1. Please verify whether Ser58 is within 19 Å of Ala45 (Cβ to Cβ), surrounded by fewer than 24 Cβ atoms within 10 Å (Cβ to Cβ) and polar (S, T, N, Q), treating the condition exactly as stated.
2. Please state which one of Tyr141, Tyr151 is open to solvent by less than 10 Å² (accessible area, probe 1.4 Å) and modelled with pLDDT of 95 or more.
3. Test Thr271 against the stated conditions and say whether it is within 19 Å of the chain's Cα centre (by Cα) and under 18 Å from Phe94 (Cβ atoms).
4. Mind checking whether some residue in the range 61-74 is open to solvent by less than 10 Å² (accessible area, probe 1.4 Å) and within 25 Å of Ser274 (Cα to Cα)?
5. Looking at Arg194, Arg263, which one is among the basic types (Lys, Arg) and either open to solvent by less than 10 Å² (accessible area, probe 1.4 Å) or farther than 30 Å from Glu54 by Cβ (or both)?
6. Looking only at the range 9-23, decide whether some residue is at pLDDT 85 or above, within 30 Å of Arg278 (Cβ to Cβ), of a type in the set (Val, Ile, Thr) and outside any loop (DSSP other than H, G, I, E, B).
7. Out of Gly66, Gly56, report the one residue that is out of contact with any strand residue (DSSP E or B) (no Cβ under 8 Å at 6 or more places or on another chain) and closer than 15 Å to Gln267 by Cα.
8. Looking at the range 52-106, which of its residues are closer than 22 Å to Lys181 by Cβ and of a type in the set (Ser, Thr, Tyr)?
Amino acid sequence: MRFWKNLLLLSAFCLAGAAHAQTYPSGPITIVAPYPPGGATDLYARSLANGLAEMGQSAVVDNRAGASGMIGADYASKRPADGHTFLIGASSMFSVLPLLSDRMKDIYKNIEPVSLLGFNPSYVVVPESLPVNTIQDLVAYLKANPGKFGYASAGKGTSQHVFMELFKQRAGVDLFPVQYKGSGPMVIDLIAGRTVMAIEQGPAVLTHIKSGKLKALAVTTAKRAQAMPNVPTLAETVLPGFEAVTWFALYAPAGMPKPVLNRVVPQVAKTMNSPEVRERLAAVGVEPTASTPEEVARRQAAETAMWRDVIARSKIVLED
């Protein structure tokens, strides 16, 4: 009797899941971007919103900036797990912040990965007014002025922060971090010369590099970036073996029904691989991709192990 009762319950569950998938989405979809407009996260979010809207409902971007992305992440984690709210974040949010913040650890328990979205090369950039023209010049300039300058960061624990700390450790230079709420305001101050340098992703700086407002001295990836092939890598110039890349991924409140997840994942892949999105993202140096949730989890685990040592050596502390 128990066998037949369990079988009936399982059948009812499967039928409910199938019905949910058939009616999904039943309302607007919200993509939470936990940084201000103007940065890479916002670009991914708006590209993805158009694709998810193809499932039959409108999709909107909700920018909720602050606390290195945790304000937006916390909001998204508390929404119903019905496939109508998603969170876009950079790799640092998921592989770095849980090492620094009990709050982010708790948030992460309530979200789950959906798909990778893309990879962003980051550039070592300085204001046009800074009297250096190569990465070798910059390292020499910083070593001649230890502790005098601040570097721009999009918030504690972000990729801009930990990439710079890795650069400092490897190059043997001394700068202090100046924290902002996101890439947009950070780049404005960098152009104005209020900070001396940054390691920032292509979507936020390529336009300014091409206009001459910023100088790109190196790229952090193992190979030169397709968007700027004339910019050398850190590895081939001053820091052999240096490699750091930012990836972006889509997450959702934990517990999303499997049939809904199985519908969303292919739609994300279709969107990120569409010629229109690939062309738009390539124009700002982004390499779009898509994946399974399991691939996101594996990449996150590997990077968490890598950044643990950088954080310990830099004594990075994040106040919750």
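1. yes
2. Exactly one of Tyr141, Tyr151 is open to solvent by less than 10 Å² (accessible area, probe 1.4 Å) and modelled with pLDDT of 95 or more, namely Tyr151.
3. Taking the combined requirement at face value, the residue does not satisfy it.
4. no
5. Arg194
6. For the range 9-23, residues at pLDDT 85 or above, within 30 Å of Arg278 (Cβ to Cβ), of a type in the set (Val, Ile, Thr) and outside any loop (DSSP other than H, G, I, E, B): absent.
7. Gly56
8. Within the range 52-106, Ser68, Tyr75, Ser77, Thr85, Ser91, Ser92, Ser95, Ser101 meet the criteria.
The values are calculated or read from the model by the stated rules, or taken from the named source; none is laboratory data. Source: prediction; values computed, not measured. So basically every Cβ, Gly included, is an ideal-geometry build from the backbone, and we count neighbours across all protein chains shown. Note: accessible area is taken over every heavy atom of the protein model, side chains too, but ligands, DNA and RNA are not part of it. Shrake-Rupley method; radii C 1.70, N 1.55, O 1.52, S 1.80 Å.
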